Each structure stands twice: as structure tokens, then as C-alpha cells.
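The values are calculated or read from the model by the stated rules, or taken from the named source; none is laboratory data. If you're wondering where the values come from, they're calculated on a predicted model, not measured in any experiment. Counting neighbours? That spans all protein chains shown, and the Cβs are built from the backbone with ideal geometry, glycine included.
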Amino acid sequence: MSTSQTTSLDPSQAVVVSAGRRVDADDAATPRFPVQNVPAVRAAVEQYLRQQRPVAIVASAACGADLILLHAAQNDQIPRYILLPSPPEEFRKSSVTDRPGDWGTIYDDVLRDSSVEVHEVPSGQEGYLEVNNRLLDKAQALADELGTSVAALVIWNLESRGDDDVTAHFLREAGQRNLPLSEISTL
């Protein structure tokens, strides 16, 4: 696993907004986040949090990158703001427990003591792209409220899978907002 800093601005004490890969399905043709890489990604995320000391985390809560970050932030008692594109139980079925791993337990635990907002959006691609923008907007509003800045963290395989890649869209949007950006590889 590698962590790369793609900008030179210091994101410490910032609100960190994040997006990333879900763990691969059992039948995934192309590995993007193999379940066996979860411990290494978790360690890289924990190291990132120790180094950056964010004042808050803003993310969704899908299995894989989101839940790894949220769970690590919970352990470090960092405030968490979760935006979901559908009601929690519906999201749990569609984006949490449908992949290998014990994500349902982590999801339930993290949601219990986080600030959760449901932004019902159209299902599918457009809805997820809208959630990316709302994550970035929420992080900026929170940073303004706290008198700090926003930094972006992308936890992924460091490669877009094409025009429909929601994680690559988040990366582009964060770049267009000139946010300091860090990436953690899932491979």
C-alpha cells in the first residue's frame, strides 16, 4: 500500500472529505480493492489520520474505503459526518453487506455515533455523482463553520475505470476546488 500526497499544502487540522473504492465482489474481473488488502489499507488510513490529525471526516459509508476511514476515525474520536444517498437500511443492503467481509457490523457501529444525513438522490450513476458534490459542499460548510480548511482523501487503486468511475469523479471535483489531495492505494 502506498500513500501519496499530490499537493504540497498541509491538510493537518482540516476537515477531511473522502471517497474511495468498495471492496471487490467475489467475482470481480478486475481487482480494484481485493478483500485481502483490507488490513494494509486500514493501516495506511490509520497512519494518515495520525499524521494529519483532521478535525472532522466527511464521507459516505459504503463497504471498503469509506467504512475503513470512518471506523478508524471513530477509534480516534474524530467527529464523523456521513452522507447517504438513500435511507440507512436501504443503503446497508445495496452498498455495505453485498460484498465480502463483516461490513454490516462496522456500518451499524459507525452510524450509531456519527452525524448522518440522508440525501435521497436518483438511483444509479447520476445520484452517486451528486453525492460526491454534496460531500464536498458539506466539508466546505463544516470547515467554514470551524474556521479551518478542507483536504481530500481518495482511497482507491489509483486508476480510473472510465467515464462512469464515481471515485475518479470525486478526485476531479476535489481538484477543481483546489483542495489539498492525498491518495491511498487499495492495491
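The requirement of being in contact with a helix residue (DSSP H, G or I) (Cβ under 9 Å, 6 or more places away or on another chain), at pLDDT 95 or above and of a type outside the set (S, T, N, Q) is not satisfied by Ala43. Just one residue in the set Leu158, Leu135, Leu153 is under 15 Å from the mean Cα position of the chain (by Cα) and farther than 20 Å from Val55 by Cα; that residue is Leu158.
Criterion applied to Asp137, Asp98 was being in contact with a Cys (Cβ under 9 Å, 6 or more places away or on another chain) and surrounded by fewer than 21 Cβ atoms within 10 Å (Cβ to Cβ), and the one residue passing it is Asp98.
If you go through the stretch 96-129 and pick out every residue that is within 27 Å of Leu179 (Cα to Cα), in contact (Cβ under 8 Å) with a residue 24 or more places away in the chain and not aromatic (Phe, Trp, Tyr), you end up with 13.
Matching residues to (1) exposed (fewer than 13 other Cβ atoms within 10 Å of the Cβ); (2) of a type outside the set (Lys, Arg); (3) within 24 Å of Leu111 (Cα to Cα):
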residue: Ala19; (1), (2), (3): no, yes, yes
residue: Ala25; (1), (2), (3): yes, yes, yes
residue: Ala29; (1), (2), (3): yes, yes, no
residue: Phe33; (1), (2), (3): no, yes, yes
residue: Asn37; (1), (2), (3): no, yes, yes
residue: Ala40; (1), (2), (3): no, yes, yes
residue: Val45; (1), (2), (3): no, yes, yes
residue: Arg53; (1), (2), (3): no, no, yes
residue: Ile57; (1), (2), (3): no, yes, yes
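Yes/no per residue for (1) in a loop (DSSP other than H, G, I, E, B); (2) at pLDDT 95 or above:
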residue	(1), (2)
Glu89	no, yes
Leu111	no, yes
Val131	no, no
Asp137	no, yes
Gln140	no, yes
Leu153	no, yes
Phe170	no, yes
Leu179	yes, yes
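Would you mind stating whether Glu183 is among the acidic types (Asp, Glu), at pLDDT 95 or above and part of a strand (DSSP E or B)? Against the criterion (among the acidic types (Asp, Glu), at pLDDT 95 or above and part of a strand (DSSP E or B)), Glu183 qualifies. For Leu83, the conditions (1) in a helix (DSSP H, G or I); (2) touching a residue at least 40 places away in the same chain (Cβ under 8 Å) are fulfilled apart from (1).
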